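First comes the structure, then the notes that go with it.
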Amino acid sequence: MSVTATAPDQTSLEKRGPDGAPERAGRLKALLTHPLGRKLVPLTVLAAVLVPIAAGLWGSGAWPGALTHDVKEPLDSLNQWIIDNRDTHPLFLYFLLHFSNTATDAINAVYNVLDALGWIGVTATAVLFAWRAGGLGRAGLKVAGITLGAFVVCGLLGMWDPTMITLALMVVAVAVSAVIGALLGLAAGLSERFNRMLRPVLDTMQVMPAFSYLLPMALIFGPGTPAALFSTIIYAVPPMTRLTALGLRGADPAVLEASSSLGASFWQRLRTARVPLARKQMLLGLNQTIMMALSMVVIASIVGAGGLGEEVFTALSTTDVGKALAAGLPIVLIAVWLDRTTGAAGERFGATSAAEATGARRLLHGWRAWTLVTAGAVVATVAGRLAGATLWPEAWVYEVSTPVNKVQEWITDNLYQDVPVLGGTKVWADHITEWMLNPLRDGLLNAPWWLLLLLVAVLALLVGTWGTALTAVLSMSAVGVLGVWPKTLDTLSQVLVGLALTLVLGFAIGVLAARVGWVERRLRLVLDVLQTLPQFVYLIPVVALMGVGRVAAITAAVAYALPAVVRITTQGIKEVDPAALEAARSMGASGAQQLRQVQLPLARPALLVAVNQGVVLVLAVVVVGGLVGGGALGYDVVFGLARGELGVGLVAGTAIVCLGLVLDRVTQPTAATRKEG
């Protein structure tokens, strides 16, 4: 009895000690055992030791000059050496020159085939293949109609030949990317070790902006078609690899087990079970590879790829919105055609084969249908050549640049400024610049360099691991070492403003679409189209509305990233457990309370993914915005490529890659989850 009465008193005395030491020890223990405490306390101790030393040695202003290393001069020297030795050195004569010549020959061969088919043959072939891919029903007719419209509009806009050049480059790039991606995906799907090795490489490749791929290829092969082709191939390989591996690894174990029980060898199981089961995922990978290749082929016009991208690039360089639109519209239509055709072919797997194999439609199924398509294409080609219709008739070309430029002049005169109540697009751009961009950029530029590194470390550690934080800090430090600290912070300020606008709009629209059915249905088609468009295309309407400058680049970035954020947000909100929502309703929660206290917290993983995708996509277009006055790193890349000063371009490109890694690591919570799991 006495023991029972004494024990609580002793505990109480320990908690209320006169010096408070036991109580502080308890708090410290609780802090150290908390998940955040386990990360932040060691980081705080490390920062308390390292920051005073670093500030004492190198100061507390911008990135210290003593830690900067000039690599532009060696890179320019390397570029000059390559130019001087490209025709004589054995490395080029017996190795790289073969790649370059093979690439050029392959593209020329495809272009010559398209030229030989003539506009009637090309259009008929594309329409028939789209019809076959879409099936014999309404879906097939719809895809065939889209294809016919796309090619006819390309001709009417006077862009037939640039379209054929772009298609020739696309055919070669997609074919090589698909083969390489399928082989890598096959290896990753069959080997867990190879899959673990490949995954971080693919992760890094997919956060790198398209600009980053152009510079190394331009350095090795020089500006021209080979550099554009190899950049496109490397850029387009990851989705095919990922989805092939995913399809193979996700094969139904019961089917594989049944195949093994029948005595099938490894290769027989692969050929008759794994690959057929993965066909749908592989076709989805092909779809994504095609869309990424189109996006890169257009951007690769900066290194001399030619085609539609060059038409847009030339027009944007002179702010000729009419010509840019005339070249941009075919890019949009080709993107829609390719997306719809491959998408329709993917939807038919397993759903239509049985239906088409019965009745009269059997004659139009399988090899019979392909024979019919081929015969139709040959007949159309022969008929076109007999009629002398090889080039698109000049009389059928409609000049749209002049009326478009007049509309753009009207926009400049009436919507640019002095618009009652609204102000105008120039006023909005000025406000965004004065209220958001300049203060944020100046704040970043004036912040101590070590403080920014510490902030990066804290953010990366909060969402990931010590390895994540180290990668982010080293990447951020690299831009300082390269001597582009101010330009990187300028680009970062544009990305942060673009990301903030994207998230505000994306979350609002996504939540609305998730809660109101008809809004989601109306948005679905718009988002489908927007997600197929290459990055380059978004610059055209933005320049028409706002002129050139940083805000134009940010606006294009927001438009490019918005569809992905809206989709992920909508999906995340809709997938919230209905039982949790029902429980909230039964307790009398209003719609706003359900959203704030149930849906948003439960959709947090999806919202974090939306943030990560938003930041990667915004960065991709902000750097492309260097073409329309975005300045900073994007301008250096364009300047380096256009003037042949690859040292400047390569340094800026490397800084863009580092910035992409930083932004990905501080917004990528899955890495922490995977590691901790």
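The values are calculated or read from the model by the stated rules, or taken from the named source; none is laboratory data. Here the structure is a predicted model, which is why all the values come from computation and not from measurement. Neighbour counts are summed over all protein chains in view; Cβ atoms, including those assigned to glycine, are modelled from backbone coordinates with ideal geometry. Side chains are part of the model used for accessible areas, which takes the heavy atoms of the whole protein and leaves out ligands, DNA and RNA. Shrake-Rupley method; radii C 1.70, N 1.55, O 1.52, S 1.80 Å.
Below is a table of values for the structure above.
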{"quantity": "Residue satisfying all of: in the stretch 415-429; touching a residue at least 40 places away in the same chain (Cβ under 8 Å) and part of a helix (DSSP H, G or I); nearest to the chain's Cα centre (by Cα) among these", "calculated": "Ala429"}
{"quantity": "Only one of Arg340, Arg348 that is modelled with pLDDT of 80 or more and open to solvent by 10 Å² or more (accessible area, probe 1.4 Å)", "calculated": "Arg340"}
{"quantity": "Thr104 vs. criteria within 28 Å of the chain's Cα centre (by Cα) and farther than 22 Å from Gly346 by Cα", "calculated": "yes"}
{"quantity": "Every pair of residues 6+ apart whose Cβ atoms lie under 6 Å, when the first sits in the stretch 632-661 and is among the charged types (D, E, K, R) while the second is part of a helix (DSSP H, G or I)", "calculated": "Asp636/Val648; Asp636/Ala652"}
{"quantity": "Inter-residue pairs, beta-carbon under 8 Å, first over 22 Å from Ala228 (Cβ atoms) and in the stretch 95-124, second open to solvent by 50 Å² or more (accessible area, probe 1.4 Å) and not in a helix (DSSP H, G or I), 6+ apart", "calculated": "Gly118/Leu391; Trp119/Leu391; Ile120/Ala387"}
{"quantity": "Residue ranges of helices (runs of 4 or more DSSP H) in the stretch 450-549 with at least 2 members within 30 Å of Gly649 (Cβ to Cβ) and in contact (Cβ under 8 Å) with a residue 60 or more places away in the chain", "calculated": "466-481, 485-515, 539-546"}
{"quantity": "In the stretch 393-415, the residues that are aromatic (Phe, Trp, Tyr) and under 21 Å from Phe151 (Cα atoms)", "calculated": "Trp396, Tyr398"}
{"quantity": "Any hit, the stretch 267-289, residues being among the aliphatic types (A, V, I, L, M) and closer than 30 Å to His89 by Cβ", "calculated": "no"}
{"quantity": "Residue match in the stretch 318-325 (condition: free of Cβ contacts under 8 Å to residues at least 12 places away in the same chain and either over 19 Å from the mean Cα position of the chain (by Cα) or not in a helix (DSSP H, G or I) (or both))", "calculated": "yes"}
{"quantity": "Selection status of Asp115, out of contact with any Gly (no Cβ under 6 Å at 6 or more places or on another chain) and in a helix (DSSP H, G or I)", "calculated": "yes"}
{"quantity": "Which listed residue is in contact with a Lys or Arg (Cβ under 8 Å, 6 or more places away or on another chain) and surrounded by fewer than 23 Cβ atoms within 10 Å (Cβ to Cβ), from Ile120, Ile146", "calculated": "Ile146"}
{"quantity": "Among the residues listed as Leu157, Leu214, Leu219, the single one being on the phi < 0 side of the Ramachandran plot and either modelled with pLDDT of 90 or more or within 20 Å of the chain's Cα centre (by Cα) (or both)", "calculated": "Leu214"}
{"quantity": "Residue match in the stretch 635-656 (condition: within 26 Å of Leu437 (Cβ to Cβ), in contact with a Gly (Cβ under 8 Å, 6 or more places away or on another chain), open to solvent by 30 Å² or more (accessible area, probe 1.4 Å) and not in a loop (DSSP other than H, G, I, E, B))", "calculated": "yes"}
{"quantity": "Residues within the stretch 498-510 that are surrounded by fewer than 24 Cβ atoms within 10 Å (Cβ to Cβ) and either within 24 Å of Leu462 (Cβ to Cβ) or under 20 Å from the mean Cα position of the chain (by Cα) (or both), tallied", "calculated": "6"}
{"quantity": "Residues satisfying the stated conditions in the stretch 441-460, i.e. closer than 16 Å to Leu659 by Cβ and aromatic (Phe, Trp, Tyr)", "calculated": "Trp449"}
{"quantity": "All positions within the stretch 390-414 that are outside any helix (DSSP H, G or I) and out of contact with any Gly (no Cβ under 6 Å at 6 or more places or on another chain)", "calculated": "Leu391, Pro393, Tyr398, Glu399, Val400"}
{"quantity": "Selection status of Ala564, surrounded by 22 or more Cβ atoms within 10 Å (Cβ to Cβ), closer than 23 Å to Leu525 by Cβ and of a type outside the set (Phe, Trp, Tyr)", "calculated": "no"}
{"quantity": "Matching residues in the stretch 59-73 - criterion: being of a type in the set (A, V, I, L, M, F, W, C), surrounded by 15 or more Cβ atoms within 10 Å (Cβ to Cβ) and farther than 28 Å from Ala218 by Cβ", "calculated": "Ala62, Leu67"}
{"quantity": "Residue match in the stretch 571-581 (condition: buried (at least 22 other Cβ atoms within 10 Å of the Cβ), over 22 Å from the mean Cα position of the chain (by Cα) and in a helix (DSSP H, G or I))", "calculated": "yes"}
{"quantity": "Residue match in the stretch 229-237 (condition: more than 15 Å from Ile290 (Cα to Cα) and either without any contact (Cβ under 8 Å) to a residue 40 or more places away in the chain or of a type outside the set (A, V, I, L, M) (or both))", "calculated": "no"}
{"quantity": "The stretch 164-202, residues that are touching a residue at least 12 places away in the same chain (Cβ under 8 Å), open to solvent by 20 Å² or more (accessible area, probe 1.4 Å) and not hydrophobic (A, V, I, L, M, F, W, C)", "calculated": "Asn195"}
{"quantity": "Filter result for Leu595 (under 33 Å from the mean Cα position of the chain (by Cα) and of a type outside the set (Ser, Thr, Tyr))", "calculated": "yes"}
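Residue by residue, here is whether (1) open to solvent by 90 Å² or more (accessible area, probe 1.4 Å); (2) closer than 26 Å to Trp466 by Cα; (3) at pLDDT below 80; (4) of a type in the set (A, V, I, L, M, F, W, C) holds:
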residue: Val3; (1), (2), (3), (4): yes, no, yes, yes
residue: Leu13; (1), (2), (3), (4): yes, no, yes, yes
residue: Glu23; (1), (2), (3), (4): no, no, yes, no
residue: Leu32; (1), (2), (3), (4): no, yes, yes, yes
residue: Ala47; (1), (2), (3), (4): no, yes, no, yes
residue: Leu57; (1), (2), (3), (4): yes, yes, no, yes
residue: Leu75; (1), (2), (3), (4): no, no, no, yes
residue: Asp84; (1), (2), (3), (4): yes, no, no, no
residue: Asp87; (1), (2), (3), (4): yes, no, yes, no
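Every residue, every condition in (1) surrounded by fewer than 17 Cβ atoms within 10 Å (Cβ to Cβ); (2) at pLDDT below 85, yes or no:
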| position | (1), (2) |
| --- | --- |
| Ala380 | no, no |
| Thr390 | yes, yes |
| Gln408 | no, yes |
| Asn414 | yes, yes |
| Leu422 | yes, yes |
| Thr425 | no, yes |
| Thr433 | no, no |
| Asn446 | yes, no |
| Ala460 | no, no |
